[in-house]
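Visitor: Just dropping this structure here.
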Amino acid sequence: MFKSLIDKGYQIEFVSHALAILEIDFPDAASELEEVIANQSVPIEEIIGSGGGETKGTQRLRNNLTSKNWLKETFTIKKTINNEPRESISHKVDHVRLIEREHSQRFRIACEIEWNNKDPFFDRDLENFKRLHAEGGISIGIMITRGTSLQDSMKDLVRRWIEENQIDDFDGLAEVGINQTARQKREVLKRVQREKNPIPFRDAWTSQFVSDKFGAATTHWRKLQDRIKRGVGNPCPLVLIGLPASIVTFGEDPQVVKKLIEDGAKALEEDEDGTPA
């Protein structure tokens, strides 16, 4: 299962019999997921332009899942004792695949994408999966995040971009639409202008950008593994998917990149307005 993803360098891990559950009970849903993720790509311009936030490529991934009926859903769990309300808890999941079977049986697969958030969001998502599974709300949880190769290659990818664009100062960044805060500029200039072992602007900016936006305390594979090893989310069956460095592309047609960014921005605005993307 997920052979096409594994062949492309994606990290795949199954927890608590998740593989058997997908293979036997939900092979069609697994094929949908594999098809969408296998076609994922992110031009380097989107990573730089997003400033470390969710890229438009991630929005395209979300939109493609939505087109296959992996829809946002809010689960509300209510408990009563002798008709007296005692507890009501809501859990929002970004992508839920509803599978309906004969005899009115309904099963749900939950999926969250953590491209680049603060790593405690893993705790939130995994605990949500655990609670929903325990209450019979979902059969399996899926977590998608940056894989090890993407996390480890981020500095090289960003450095390649600034090298290819021949940018040597903040004015050069501004010309391509990359603006810096006063704090970010100070951090870069500290390294460029220091008396002992100053470093070139390209190296200083790359280091500052990556550490500031894609640091160790953000959501990526190793941070997810830390939670799994501690048993967070257990015993909910889980599928963990790490996006590889190979999804990042260079040399795309500038007009194509521009359209991708504009389409992604439009989809993000519609999603924030509550209008279906």
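The values are calculated or read from the model by the stated rules, or taken from the named source; none is laboratory data. Quantities reported herein were computed from a predicted structural model and do not represent experimental measurements. Neighbour counts run over all protein chains shown; Cβ positions are idealised from the backbone, glycine included. Heavy atoms of the whole protein, side chains included, go into the accessibility calculation; ligands, DNA and RNA do not. Shrake-Rupley method; radii C 1.70, N 1.55, O 1.52, S 1.80 Å.
Visitor: Restricted to segment 211-224, and to residues that are in contact (Cβ under 8 Å) with a residue 40 or more places away in the chain and in a helix (DSSP H, G or I), which residue is least open to solvent (accessible area, probe 1.4 Å)?
Guide: It comes out as Leu224.
Visitor: Further question on the same structure: What number of residues within segment 1-37 satisfy the criterion of being closer than 30 Å to Glu164 by Cα, open to solvent by 20 Å² or more (accessible area, probe 1.4 Å) and within 17 Å of the chain's Cα centre (by Cα)?
Guide: So the count comes out to 2.
Visitor: Go through segment 74-105 and give me each residue that's of a type in the set (A, V, I, L, M) and free of Cβ contacts under 8 Å to residues at least 12 places away in the same chain.
Guide: Taking segment 74-105 first, the residues of a type in the set (A, V, I, L, M) are 77, 81, 89, 93, 96, 98-99.
Ile81, the sole residue that qualifies.
Visitor: Looking at (1) part of a helix (DSSP H, G or I); (2) open to solvent by 20 Å² or more (accessible area, probe 1.4 Å), find the lone condition where Phe129 falls short.
Guide: Looking at each condition in turn, Phe129 falls short on (2).
Visitor: Please go through segment 112-141 and give me each residue that is touching a helix residue (DSSP H, G or I) at 6+ places or on another chain (Cβ under 7 Å), hydrophobic (A, V, I, L, M, F, W, C) and touching a residue at least 60 places away in the same chain (Cβ under 8 Å), ordered by number.
Guide: Trp115, Phe122, Leu126, Ile138, Ile140
Visitor: Identify all residues within segment 80-112 that are buried (at least 22 other Cβ atoms within 10 Å of the Cβ) and farther than 17 Å from Leu22 by Cβ; write none if there are none.
Guide: Val93
Visitor: I'd like the residue in segment 169-210 that is in contact with a Phe, Trp or Tyr (Cβ under 7 Å, 6 or more places away or on another chain) and assigned to a helix (DSSP H, G or I) and, out of all such residues, is least open to solvent (accessible area, probe 1.4 Å).
Guide: Among them, the one singled out is Val188.
Visitor: Another question about this same structure. Given (1) on the phi > 0 side of the Ramachandran plot; (2) surrounded by 12 or more Cβ atoms within 10 Å (Cβ to Cβ), identify the lone condition not met by Gly136.
Guide: Answer for Gly136: the failing condition is (2).
Visitor: Shifting gears a bit: So if I check each of Arg97, Arg62, Arg131, Arg108, which one is closer than 17 Å to Arg227 by Cβ and at pLDDT 90 or above?
Guide: So the residue among Arg97, Arg62, Arg131, Arg108 that is closer than 17 Å to Arg227 by Cβ and at pLDDT 90 or above is Arg131.
Visitor: Report those helices (runs of 4 or more DSSP H) wholly inside segment 1-100 carrying at least 1 residues which are hydroxyl-bearing (Ser, Thr, Tyr) and farther than 23 Å from Cys236 by Cβ.
Guide: By residue number, 3-7, 56-67.
Visitor: Taking the condition of being surrounded by fewer than 19 Cβ atoms within 10 Å (Cβ to Cβ) and either without any contact (Cβ under 8 Å) to a residue 24 or more places away in the chain or of a type in the set (Phe, Trp, Tyr) (or both), how many residues in segment 41-73 meet it?
Guide: Number satisfying all stated conditions: 1.
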